[in-house]
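K.L.:
Sharing a structure below in structure tokens format, with a few things to ask.
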Amino acid sequence: MPFRYEELVTPRGRPYVRVHVSGDIDIRDAEEYVAKFLGPYLRRHVLSVVASGTEYTARARKHLLAMNDAGPHATVTNSALVRTAINLMTRSQDNPNYRVFADELAALAWLDEQEA
Amino acid sequence: MSVTIEGERIDQLLRIIVAAATGDYELRVPLVEEDDDEFLEVELGVNYLLEELTLGKARSDGQRQQLEARAEELAHQQSELVQALSTPVIAVWPGVLALPLVGRVDDERAATITAVLLERVTAERATHVILDLTGVGTIAGNTMPALLRMVRAIGLLGASCLLTGISPPVAQQIVALGATAGGASVRALAQLSDALAFVLAQKGALQR
């Protein structure tokens, strides 16, 4: 499974969903991911930690754009390739609810500042 | 924004773009984590574009194959339909078959007609075959001998063949070949109904 979900609380006490992402993401994975955040985790704050080497198929990339309607979403990655891939995917979106970070603490601090 | 890029990366990218421009979408720009600059986004963007082109080509190929299969199926159905319509053998009376021919008769059609008709003569133990040429405008040059061979073949199966509805040009063709060309005795009547009356009279089925 390329996704591992945890329900946690930020340092300031805000509940959020932490998702560890790794491996190859295909359309089925993307559908599952979007369904979670437009379903049971709707409007929840999300912190996705994307491992180096994670790759997205073309169809998965397109489907993940549907996440635009979800709650505040911070992505943490140390991989230049993953960050570049995400930049390309989100370039046309200009979504103020989404940001990419290199540091998880900075990401959590940003999430804490976001309104639900 | 100013970025310094190694010439090798630009060369690689250009090679792949040129290959894509000639229809080869299989190559990808090699990416390395260490190239953490704005050009990496261009390289990855080109790879994404190539993936889209590959997917589009696969979709297009799939649709073309489906269309080709459908066209082949339709051509086959059309061929079957044309064959069925071009040889409408009708049993007008027990042991009496009629074949009204319409349109142009060429060698291929004459061969099909012969095959179908001989099969029906055998299957139905026909004693008479009425070949109605009312709807035949022209018969291709070499085809009349083929039709006369068919008349002979019908005779060999023990049935008599009658020709009706012969147009003046077709009559001239038959005369040119000799009415009994190759031993085929051709009995001609004006209309299909005349031939049917003649046959039924022979069979003693008509009360006068």
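K.L.:
Filter region B:47-60 down to residues that are surrounded by fewer than 17 Cβ atoms within 10 Å (Cβ to Cβ) and aliphatic (A, V, I, L, M) and give me whichever is farthest from the chain's Cα centre (by Cα).
P.N.:
Across region B:47-60, the extreme among qualifying residues is B:Leu49.
K.L.:
Are any of the residues in region B:25-47 touching a residue at least 12 places away in the same chain (Cβ under 8 Å) and part of a strand (DSSP E or B)? Before the answer, list the steps.
P.N.:
First, pick out the residues of region B:25-47 that are touching a residue at least 12 places away in the same chain (Cβ under 8 Å): B:25-31, B:35, B:37-39, B:42-44, B:46-47.
If we keep only those that are part of a strand (DSSP E or B) as well, we get none.
Checking region B:25-47: not a single residue is touching a residue at least 12 places away in the same chain (Cβ under 8 Å) and part of a strand (DSSP E or B).
K.L.:
Next question. Taking region B:161-178 on its own, how many of its residues are loosely packed, with under 15 Cβ neighbours inside 10 Å and at pLDDT below 80? Talk me through it step by step, then tell me what you get.
P.N.:
Step one: filter region B:161-178 for residues loosely packed, with under 15 Cβ neighbours inside 10 Å, giving B:168-169, B:171-172, B:175-176, B:178.
If we keep only those that are at pLDDT below 80 too, we end up with B:175-176, B:178.
Residues meeting the conditions: 3.
K.L.:
Something else: Residue under question is B:Arg70, and the condition is that it be away from every other protein chain (no Cβ under 13 Å) and surrounded by 14 or more Cβ atoms within 10 Å (Cβ to Cβ); does it hold?
P.N.:
no
K.L.:
Here is a follow-up. Determine whether B:Leu50 is away from every other protein chain (no Cβ under 14 Å) and modelled with pLDDT of 95 or more.
P.N.:
Working: away from every other protein chain (no Cβ under 14 Å): no; modelled with pLDDT of 95 or more: yes.
Taking the combined requirement at face value, the residue does not satisfy it.
K.L.:
Which of (1) among the aliphatic types (A, V, I, L, M); (2) in contact (Cβ under 8 Å) with a residue 12 or more places away in the chain; (3) in a helix (DSSP H, G or I); (4) out of contact with any Asp or Glu (no Cβ under 7 Å at 6 or more places or on another chain) is the odd one out, the single condition B:Ala58 does not satisfy?
P.N.:
B:Ala58 satisfies all of (1) among the aliphatic types (A, V, I, L, M); (2) in contact (Cβ under 8 Å) with a residue 12 or more places away in the chain; (3) in a helix (DSSP H, G or I); (4) out of contact with any Asp or Glu (no Cβ under 7 Å at 6 or more places or on another chain) except (2).
K.L.:
Pairs only if they're at least six apart or on different chains, beta carbon under 9 angstrom, first in region A:33-57 and away from every other protein chain (no Cβ under 14 Å) and loosely packed, with under 14 Cβ neighbours inside 10 Å, second among the polar types (S, T, N, Q) and in a helix (DSSP H, G or I); list them, first residue then second.
P.N.:
Listed pairs, sorted by first residue: none to list.
K.L.:
Now a separate question. A:Asp103 - would you say it is away from chain B (no Cβ under 14 Å), surrounded by fewer than 19 Cβ atoms within 10 Å (Cβ to Cβ), closer than 30 Å to B:Val32 by Cβ and touching a residue at least 24 places away in the same chain (Cβ under 8 Å)? First the steps, then the outcome.
P.N.:
Details: away from chain B (no Cβ under 14 Å): yes; surrounded by fewer than 19 Cβ atoms within 10 Å (Cβ to Cβ): yes; closer than 30 Å to B:Val32 by Cβ: yes; touching a residue at least 24 places away in the same chain (Cβ under 8 Å): yes.
Judged against the criteria, A:Asp103 is a match.
K.L.:
State whether one or more residues within region B:83-101 are within 30 Å of A:Arg91 (Cβ to Cβ) and away from chain A (no Cβ under 14 Å). I'd like the intermediate steps shown before the answer.
P.N.:
First, the residues of region B:83-101 that are within 30 Å of A:Arg91 (Cβ to Cβ): none.
There is no residue in region B:83-101 that is within 30 Å of A:Arg91 (Cβ to Cβ) and away from chain A (no Cβ under 14 Å).
K.L.:
Using the structure shown, decide if B:Arg120 is in a loop (DSSP other than H, G, I, E, B) and modelled with pLDDT of 85 or more. I'd like the intermediate steps shown before the answer.
P.N.:
On the way: in a loop (DSSP other than H, G, I, E, B): no; modelled with pLDDT of 85 or more: yes.
No.
K.L.:
Hey, another quick one. Answer yes if at least one residue in region A:78-94 is in a strand (DSSP E or B), touching an Asp or Glu at 6+ places or on another chain (Cβ under 7 Å) and at pLDDT below 95, and no otherwise.
P.N.:
no
For (1) part of a loop (DSSP other than H, G, I, E, B); (2) touching a strand residue (DSSP E or B) at 6+ places or on another chain (Cβ under 9 Å); (3) of a type in the set (S, T, N, Q); (4) surrounded by fewer than 20 Cβ atoms within 10 Å (Cβ to Cβ), each residue gets a yes or a no:
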position: B:Pro100; (1), (2), (3), (4): no, yes, no, yes
position: B:Glu108; (1), (2), (3), (4): no, no, no, yes
position: B:Ala111; (1), (2), (3), (4): no, no, no, yes
position: B:Thr114; (1), (2), (3), (4): no, no, yes, yes
position: B:Val129; (1), (2), (3), (4): no, yes, no, no
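Table: residues versus (1) β-branched (Val, Ile, Thr); (2) out of contact with any Gly (no Cβ under 8 Å at 6 or more places or on another chain).
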| residue | (1), (2) |
| --- | --- |
| B:Glu68 | no, yes |
| B:Glu72 | no, yes |
| B:Gln83 | no, yes |
| B:Ser86 | no, no |
| B:Val96 | yes, yes |
| B:Pro100 | no, no |
| B:Arg125 | no, no |
| B:Ala140 | no, yes |
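K.L.:
Filter region A:65-79 down to residues that are out of contact with any Ser or Thr (no Cβ under 9 Å at 6 or more places or on another chain) and crowded, with 16+ Cβ neighbours inside 10 Å and give me whichever is farthest from the other protein chains (Cβ to nearest Cβ).
P.N.:
Here the answer is A:Gly71.
K.L.:
Now for a separate question. Do we find that B:Arg64 is within 16 Å of the chain's Cα centre (by Cα) and either free of Cβ contacts under 8 Å to residues at least 24 places away in the same chain or within 21 Å of B:Leu163 (Cβ to Cβ) (or both) in this structure?
P.N.:
Details: within 16 Å of the chain's Cα centre (by Cα): no; either free of Cβ contacts under 8 Å to residues at least 24 places away in the same chain or within 21 Å of B:Leu163 (Cβ to Cβ) (or both): yes.
In short, no.
The values are calculated or read from the model by the stated rules, or taken from the named source; none is laboratory data. Bear in mind the structure is a predicted one, so any value in this text is a computation, not a measurement. Positions of Cβ are backbone-derived with ideal geometry, glycine not excepted, and every protein chain shown enters the neighbour counts.
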